[in-house]
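Can you read through this structure? Questions will come right after.
The values are calculated or read from the model by the stated rules, or taken from the named source; none is laboratory data. Since the structure is predicted, the reported quantities are computational estimates derived from the model, not experimental observations. No Cβ is skipped: glycine too gets one built from the backbone with ideal geometry, and neighbour counts run over all protein chains shown.
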Amino acid sequence: MSQRSRIEITSAEDKSIGFDYQYYYFLNELLNLRKGQSVGFEVLDDVHIDRADGTHLLVQLKHTVQKNAQGSPVNLTSLDTDLWKSISNWCKVITDPAEGRTTVQSQLAFIEVSSFLLATNKSNNSANTFLSSFSEFKDGRKGHADLCGAIAALKSESKNESIQGWIDDALRLDSDVSKKFFENLSFALGCDEIIDICKTSISEKQIDASRIDDVFNAVDSRVREDLFCTVKAGRKIRVSFDEFNRNYRRHFDKVRSEGLVIRDFRPAMPENLLDQTFIKQLLDIGDISEDKTNFIAKFTTRCLQFRDNLEQWLQDGDITQSDIDDLEQEAEVLWESQFLAAYPDPGTIADEAASARMIVKELRQKRLPLASVDLPVKMSNGGFYDLSDRPVIGWLRNWEDRYK
């Protein structure tokens with residue numbers, strides 16, 4: 001069955017990705033703000049940029065999920081709904097009586113400080129006669145009257161009443177207003193990988209390639225939260241350069257200043273947590289019991305996150321194998337000191353399990369050094385768990401015989 005079901009037709013999927021496309025375009029504009037500028041989201045347009053010289057750019061954003069035979073987004077056509085609906089919207093803004101723009105003079109005054117951009121993931125193509133005529137107008141090869149003639153010819157080709165009406169909105173503009181509007185109109189076509197564009201903008205702020213995703217995730221999360229709170233409070237979304245710098249600069253400074261960025265990996269947990277050697281060691285000394293599943297899972301996560309972060313740092317070149325060896329040697333020295341104090345020779349220990357728990361307690365408060373950085377206690381705990389899982393260290397006097 002080739003027909004789409006009613007559920008598919010009314011699905012919010014297309015609308016959702018369209019909104020996300022607008023949001024990430026807005027985010028990229030935030031990342032590229034300059035002193036004296038501000039960017040708005042669904043205020044004057046889908047996105048708009050207020051410039052320091054008092055002018056502003058109005059941006060209409062159109063996204064399609066339709067693909068051509070090559071799997072790329074479809075082209076922008078001469079009679080494209082997105083094209084003419086956007087142009088119609090701007091024409092209505094230019095002549096908006098509610099804003100007092102009923103005269104040619106007031107309309108020209110508005111356009112004098114306004115420029116217009118249609119950004120879409122749809123691509124340009126030689127078959128789009130409007131874009132060809134528009135390009136010739138922009139570079140002086142075709143006059144304004146020629147452009148309007150080409151637009152009128154397109155109207156006569158269309159059988160769609162809505163598109164005809166949108167084209168009429170453009171043709172009804174005063175000739176001087178129309179000429180200035182088209183002079184200030186531009187297109188950003190084929191703008192598809194918008195998230196990658198955001199990440200490129202981050203990289204251009206002197207952020208190392210290995211840190212780009214960290215900054216992107218942090219800023220993306222914070223901006224989304226702030227947008228929600230702003231809308232909920234009934235305020236318009238408009239962010240100035242100074243506001244962006246004040247609210248989000250920390251996420252950039254953090255990765256520049258920190259020697260190591262600890263990532264909150266979500267590791268795949270072992271099928272049987274109780275089979276892990278470091279868990280067996282903790283069970284045998286009574287530090288935890290088998291019914292304390294929350295602690296067993298928490299300790300396992302810390303161990304795995306320690307391993308995953310070390311692997312990522314090593315892969316990114318943030319640390320060397322020598323740095324890891326130094327960390328493990330320092331951990332063994334700390335463990336050795338506690339172990340010898342707990343089991344003095346010669347001598348018998350009345351409660352060996354209690355002595356073993358004391359070793360664990362003391363080491364859980366230590367911070368392990370790695371590449372001139374003291375790891376947080378939680379990460380350091382994971383390091384000791386990792387060593388006791390291999391096992392390089394243990395808690396009972398005879399741990400080597402029991403677990404190796």
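Here is a list: S38, S106, S78. Which entry is within 22 Å of F181 (Cβ to Cβ) and modelled with pLDDT of 95 or more? Break it down stepwise before answering.
Working: S38 fails: within 22 Å of F181 (Cβ to Cβ); S78 fails: modelled with pLDDT of 95 or more.
Going through S38, S106, S78 in turn, the sole match is S106.
Scan region 278-295 and report the pairs whose first residue is in the same structural domain as Y385 (by TED's automatic domain parsing) and farther than 10 Å from V360 by Cβ and whose second residue is assigned to a loop (DSSP other than H, G, I, E, B) and β-branched (V, I, T), with Cβ atoms within less than 8 Å and a gap of 6+ or a chain change.
I279/I288; F295/I288
State all residues of region 211-238 that are hydroxyl-bearing (S, T, Y) and within 15 Å of the chain's Cα centre (by Cα); if no residue qualifies, say none. It would help to see each step written out before you state the result.
Narrowing region 211-238 to residues hydroxyl-bearing (S, T, Y): 221, 230.
Matches in region 211-238: S221 only.
Mind listing just one residue for me: the one in region 89-103 that is without any contact (Cβ under 8 Å) to a residue 60 or more places away in the chain and not in a helix (DSSP H, G or I) and, of those, nearest to K62 (Cα to Cα)?
If we take residues in region 89-103 being without any contact (Cβ under 8 Å) to a residue 60 or more places away in the chain and not in a helix (DSSP H, G or I), then D96 is nearest to K62 (Cα to Cα).
From the list I359, I296, I393, I349, which one is modelled with pLDDT under 95, among the β-branched types (V, I, T) and in contact with a helix residue (DSSP H, G or I) (Cβ under 9 Å, 6 or more places away or on another chain)?
Working: I359 fails: modelled with pLDDT under 95; I296 fails: modelled with pLDDT under 95; I393 fails: modelled with pLDDT under 95.
Testing whether each residue is modelled with pLDDT under 95, among the β-branched types (V, I, T) and in contact with a helix residue (DSSP H, G or I) (Cβ under 9 Å, 6 or more places away or on another chain) leaves just I349.
Select, from G149, G143, the only residue that is exposed (fewer than 15 other Cβ atoms within 10 Å of the Cβ), in the same structural domain as F26 (by TED's automatic domain parsing), in contact with a helix residue (DSSP H, G or I) (Cβ under 8 Å, 6 or more places away or on another chain) and more than 25 Å from V43 (Cβ to Cβ).
Result of the check over G149, G143: G143.
Let me confirm something: among A353, A371, A342, which residue is in contact (Cβ under 8 Å) with a residue 60 or more places away in the chain, farther than 24 Å from P267 by Cβ and of a type outside the set (S, T, Y)? Reasoning before the result, please.
Details: A371 fails: farther than 24 Å from P267 by Cβ; A342 fails: in contact (Cβ under 8 Å) with a residue 60 or more places away in the chain.
Selected residue: A353, the only one of A353, A371, A342 that is in contact (Cβ under 8 Å) with a residue 60 or more places away in the chain, farther than 24 Å from P267 by Cβ and of a type outside the set (S, T, Y).
So, restricting to helices (runs of 4 or more DSSP H) that lie completely within region 160-227, which ones have at least 1 residues that are out of contact with any Lys or Arg (no Cβ under 8 Å at 6 or more places or on another chain) and more than 26 Å from N75 (Cα to Cα)?
Ranges flagged: 175-183, 194-203.
Just checking, which of D192, D213 is more than 25 Å from P376 (Cα to Cα) and of a type in the set (D, E)?
D192
Under the condition of being aromatic (F, W, Y) and either at pLDDT 95 or above or not in a helix (DSSP H, G or I) (or both), which residue from region 109-133 is farthest from the chain's Cα centre (by Cα)?
Here the answer is F110.
Looking only at region 66-88, count every residue that is touching a Lys or Arg at 6+ places or on another chain (Cβ under 9 Å), crowded, with 20+ Cβ neighbours inside 10 Å and in a helix (DSSP H, G or I) and tell me the total.
Adding up the residues that qualify gives 2.
Can you name the residue in region 47-65 that is over 26 Å from S132 (Cβ atoms) and assigned to a loop (DSSP other than H, G, I, E, B) and, of all such residues, is modelled with the lowest pLDDT?
V65
Considering only residues that are farther than 21 Å from L310 by Cβ and hydroxyl-bearing (S, T, Y), which ones fall in region 338-377?
Answer for region 338-377, where residues must be farther than 21 Å from L310 by Cβ and hydroxyl-bearing (S, T, Y): Y343, T348, S355.
Tell me yes or no: at least one residue of region 349-362 is among the small types (G, A, S), exposed (fewer than 14 other Cβ atoms within 10 Å of the Cβ) and over 19 Å from T300 (Cα atoms).
Looking only at region 349-362, we keep the residues that are among the small types (G, A, S), and these are 350, 353-356.
If we keep only those that are exposed (fewer than 14 other Cβ atoms within 10 Å of the Cβ) as well, we get 350, 354.
Add one more test, that the residue is over 19 Å from T300 (Cα atoms), and what stays is 350, 354.
Checked region 349-362: at least one residue is among the small types (G, A, S), exposed (fewer than 14 other Cβ atoms within 10 Å of the Cβ) and over 19 Å from T300 (Cα atoms).
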